[in-house]
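Engineer: One structure is given below, represented as structure tokens, and several questions about it will come after.
Rule-based calculations on the coordinates, nothing more; no lab input. A quick note: this is a predicted structure, and the numbers were derived from the prediction, not measured. All Cβ positions, glycine included, derive from the backbone under ideal geometry; neighbour counts span all protein chains shown.
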Amino acid sequence: MIPALAAALCSLMPLGVLAQEASWHCSFDNECLDQECAPSGYEASLVLLASSIDAGIATLSGRLEDSAENLPLAGMDQNGLVRLFNIENATGARLLTLSPDGTARYTTHIADPAMVMTYLGRCEEAH
């Protein structure tokens with residue numbers, strides 16, 4: 001889970017470039033379109049690569065892969081709280097947040113028509 005990445009990153013001090021890749025399987029059981037929610041079976045794979053650590057904050061890059069696309073992500077891990085984003089997609093801006101306990105939220109913000117899709121679920125470390 002996410003604490004494993006945080007522990008691995010912290011053990012790699014001193015500061016510098018890292019080559020620590022970690023993979024998760026994400027499963028989202030609820031999908032909300034604006035304020036209306038329904039059950040969902042959306043699943044994706046998450047692969048992250050930490051590029052640097054400074055004062056407990058790791059800069060991350062990675063990708064979220066599902067049956068429709070392979071989405072590049074960038075962000076940070078601050079003491080196990082992971083925030084990843086993509087704003088280079090014509091579909092809309094994406095944000096994925098992961099808590100140390102594996103709780104995950106994935107949103108797509110669309111401009112035209114204005115709406116947001118939110119997925120609620122969990123990401124577990126892949127073995």
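Engineer: In sequence order, what are the phi-derived ³J(HN,Hα) couplings for the range 38-53 according to the Karplus relation 6.51 cos²θ - 1.76 cosθ + 1.60 with θ = phi - 60°, rounded to whole Hz, with x for glycine and proline?
Structural biologist: After applying 6.51 cos²θ - 1.76 cosθ + 1.60, I find 8, x, 9, x, 5, 9, 8, 10, 10, 10, 10, 10, 7, 9, 6, 10 Hz.
Engineer: Residue 22: net charge of surrounding residues, Cβ under 15 Å, Lys/Arg +1, Asp/Glu -1, itself excluded?
Structural biologist: Around residue 22, the surrounding residues sum to -4.
Engineer: Among 41, 75, 102, which one shows the biggest mean-square fluctuation in a GNM of the chain, springs joining Cα atoms closer than 10 Å?
Structural biologist: Looking only at 41, 75, 102, the largest GNM fluctuation is found for 41.
Engineer: Also, I was wondering about something else. Using a Gaussian network model of the chain with C-alpha springs under 10 Å, which one of 113, 39, 72 is most mobile by mean-square fluctuation?
Structural biologist: 113
Engineer: I need to check one value: relative contact order of the chain, counting alpha carbon pairs closer than 8 Å and at least 6 residues apart, in percent.
Structural biologist: Computed value for the chain: 26 percent relative contact order.
Engineer: In addition: Place a point 7 Å from Cα of residue 115 in the direction of its Cβ. Which residues in the range 19-43 have their backbone N less than 18 Å from it?
Structural biologist: Counting only backbone N, you get 30-42.
Engineer: Also, I was wondering about something else. Using Cα Rg over 2.2 N^0.38 Å as the read-out, say which of (i) 1.00; (ii) 1.95; (iii) 1.06 was calculated from these coordinates.
Structural biologist: Of the listed options (i) 1.00; (ii) 1.95; (iii) 1.06, (iii) comes from this structure.
Engineer: Once you list every other residue whose beta carbon is under 15 Å from the beta carbon of residue 82, what net charge do they have if Lys and Arg are +1 and Asp and Glu are -1?
Structural biologist: 0
Engineer: Next up: Summing Lys, Arg as +1 and Asp, Glu as -1, what charge do residues with Cβ under 9 Å from the Cβ of residue 121 carry, residue 121 excluded?
Structural biologist: 0
Engineer: Work out, step by step, the length gained on full extension between residue 124 and residue 29: first 0.36 nm times the residue separation, then minus their alpha carbon distance; give nm to one decimal.
Structural biologist: Working it through step by step, the gained length comes to 32.8 nm.
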